[in-house]
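The values are calculated or read from the model by the stated rules, or taken from the named source; none is laboratory data. This one's a predicted model, so the numbers in the text were calculated from it and none came from an experiment. Cβ sites come from the backbone with ideal geometry, for glycine too, and all protein chains shown count toward neighbours. Ligands, DNA and RNA are stripped out before the accessible areas are found, and what is left, the full protein with its side chains, is counted by its heavy atoms. Shrake-Rupley method; radii C 1.70, N 1.55, O 1.52, S 1.80 Å.
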Amino acid sequence: MNNLGRQFQVSIFGESHGECVGVLIDGCPAGMPLSREEFSFDLDRRKGGKKGTTSRKEPDVPFLKSGIFKGRTTGAPILILFENTNVDSIVYEDIRFTPRPGQADLVAFQKYGGFNDYRGGGPFSGRLTAGLVAVGVIAKKLISPVKVEARLIEAGGLKDIESAVSRAVERGESIGGIVECEAMGLPAGLGEPFFDSAESLISHMVFSIPGVRGIEFGAGFAAARMTGKEHNDEFLDIHGATKTNNAGGVNGGITNGNNLVFRIAVKPTSSISSPQRTVDVRTGEKAEITVNGRHDVCIALRVPVIVEAVTAIVCTDLMLIAQKIGGIIR
């Protein structure tokens with residue numbers, strides 16, 4: 001459904017052009033200092049307005065509605081809201097019955113019988129990731145000194161991100177990208193074999209980010225072209241440090257104490273200005289649409305901080321389960 005986690009549970013809600021989006025966090029230990037100002041840095045990293053991103057600018061002020069008292073977490077569920085103040089829904093009336101290729105419009109219409117909020121993608125929009133980033137701010141504090149860092153390493157097939165974005169802007173096209181994430185300082189022993197493996201849980205959370213099409217850990221797909229000797233990570237000490245990290249910090253679904261490393265593939269933004277062929281859901285007849293509105297040329301530019309957030313959320317849950325985080329933080 002719309003929630004994930006065992007000890008550190010996150011529920012997400014809202015629509016792109018509704019009154020607000022937000023998250024509810026259950027399981028945050030009591031006593032952790034927390035202020036609105038602490039959210040600003042990561043939320044600013046997610047915002048649009050930069051070259052290659054949407055022109056929609058939201059203030060993204062987090063309203064901490066519960067679970068915080070006198071500047072500290074109380075142990076009660078934390079409700080965080082973000083108001084949607086800069087919406088332009090008129091353009092979506094023109095394409096209400098002509099689903100955009102690559103978007104969730106058609107499946108939403110089919111699943112919800114046409115009662116779905118189609119404005120700006122409704123609950124399928126990347127707008128909801130503001131809430132994930134907010135949870136990530138809390139999660140990063142909880143798992144400190146563990147650090148999670150992500151960066152865009154490729155866009156449109158090029159390592160030169162700026163050139164790739166400039167070309168796409170000139171052509172009126174959209175491009176995808178590859179984001180690499182690394183969690184440093186994780187203890188060994190997090191995760192379970194099979195269904196709750198560290199990779200399974202991270203992958204589950206990563207695929208909640210709109211536009212993500214693939215994930216690989218460590219050597220990833222390149223492992224299929226390696227020999228066993230090439231892929232095996234040679235141990236350096238009894239604590240599990242290895243000479244290489246082809247496993248990406250996980251063996252048998254359990255963190256091994258080395259850095260957790262993975263990469264994700266982000267697709268090109270589906271909403272583009274070029275005319276596209278679709279169908280009219282009322283008649284079944286073929287139709288042509290031109291998608292207007294404010295859309296990212298390269299959504300991957302804004303994804304790294306979101307990847308950091310969802311990774312920190314999973315790490316927090318696993319560390320709480322393993323009792324690696326205290327019950328009351330002072």
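Residues in the range 148-219 average 49 Å² of solvent-accessible surface per residue, probe 1.4 Å, ligands and nucleic acids excluded.
Estimated at the nearest 10 Å², the accessible area of Arg119 is 70 Å² with a 1.4 Å probe. On a per residue basis, the range 1-109 carries 52 Å² of accessible surface, using protein heavy atoms and a 1.4 Å probe.
In this structure, the amide hydrogen of Ala241, modeled 1.01 Å from its nitrogen in the peptide plane, lies closer than 5 angstrom to those of Leu236, counting only residues at least 5 positions away or on a different chain. Helical content alone sets the calculated 222 nm signal of the chain at -6500 deg cm²/dmol, taking -39,500 (n - 2.57) per DSSP H segment of four or more residues and averaging over every residue.
Among 44-56, 135-147, sorting by the average number of other beta carbon atoms lying within 10 angstrom of each residue, highest first, gives 135-147, 44-56.
When the pairs Lys51/Lys267; Lys51/Lys286; Lys141/Lys267 are compared against a 26 Å limit on Cα-Cα distance, Lys51/Lys286; Lys141/Lys267 fall above it. Rolling a 1.4 Å probe over the protein heavy atoms gives the range 234-307 an accessible area of 49 Å² per residue. Using a 1.4 Å probe on the protein heavy atoms, what percent of the accessible area of the range 123-196 belongs to carbon and sulfur? Answer for the range 123-196: carbon and sulfur cover 54 percent of the accessible area. Remark: relative contact order (the range 62-195) = 16 percent; criterion is Cα-Cα distance under 8 angstrom and separation of 6 or more residues.
Our coupling estimate for the range 108-115, obtained by passing each phi through the Karplus curve with A = 6.51, B = -1.76, C = 1.60 and θ = phi - 60°, is 5, 4, 5, 5, 9, x, x, 8 Hz, Gly and Pro reported as x. In the assembled protein chains, Glu192 presents an accessible area of approximately 90 Å² (probe radius 1.4 Å). Backbone amide hydrogens, once placed in the peptide plane, bring Val279 within less than 5 Å of Ala287, excluding anything fewer than 5 places away on its chain. Each Cα pair under 8 Å and six or more residues apart adds its separation to the average, and for the chain the resulting relative contact order is 24 percent.
The apolar share of the surface of the range 201-312, taken as the fraction of accessible area on carbon and sulfur atoms (1.4 Å probe, ligands and nucleic acids excluded), comes to 54 percent. For the range 271-330, which GluC sites (Glu not before Pro) pass both filters: DSSP loop (anything but H, G, I, E, B) and at most 10 other C-beta atoms within 10 Å? Filter output for the range 271-330: Glu285. The base-10 log of I(q)/I(0) for the range 258-299, evaluated at q = 0.18, 0.29, 0.35 Å⁻¹, reads -0.68, -1.00, -1.16 [Debye formula, identical scatterers on Cα atoms, solvent excluded]. In this structure, the amide hydrogen of His295, modeled 1.01 Å from its nitrogen in the peptide plane, lies closer than 5 angstrom to those of Ser55, counting only residues at least 5 positions away or on a different chain.
For His239, what accessible surface area do you get with a 1.4 Å probe? Give it in Å², rounded to 10. Looks like 150 Å² after rounding. Only alpha carbons enter this Debye calculation for the range 106-202, each as an equal point scatterer, and the log10 of I(q)/I(0) it gives at q = 0.13, 0.19, 0.24 Å⁻¹ is -0.83, -1.10, -1.15. Could you calculate, for the range 1-56, the ratio of the Cα radius of gyration to the Kirkwood radius, expressed as Rg to Rh? With Rg and the Kirkwood Rh in hand, the quotient comes to 1.04. Panel values: the chain, Kirkwood radius from alpha carbon pairs, Stokes-Einstein at 20 °C and 1.002 mPa s, translational diffusion coefficient 102 µm²/s.
If you wrap the tightest convex hull around every Cα atom of the range 150-279 and split its volume per residue, you get 146 Å³. Phi angles across the range 126-131 convert, under the Karplus curve 6.51 cos²θ - 1.76 cosθ + 1.60 with θ = phi - 60°, into 3J(HN,Hα) values of x, 4, 5, 5, 4, x Hz, Gly and Pro given as x. In the elastic network of the chain, a GNM with C-alpha springs shorter than 10 Å, the most mobile of Ile175, Ile68, Ile90 is Ile90.
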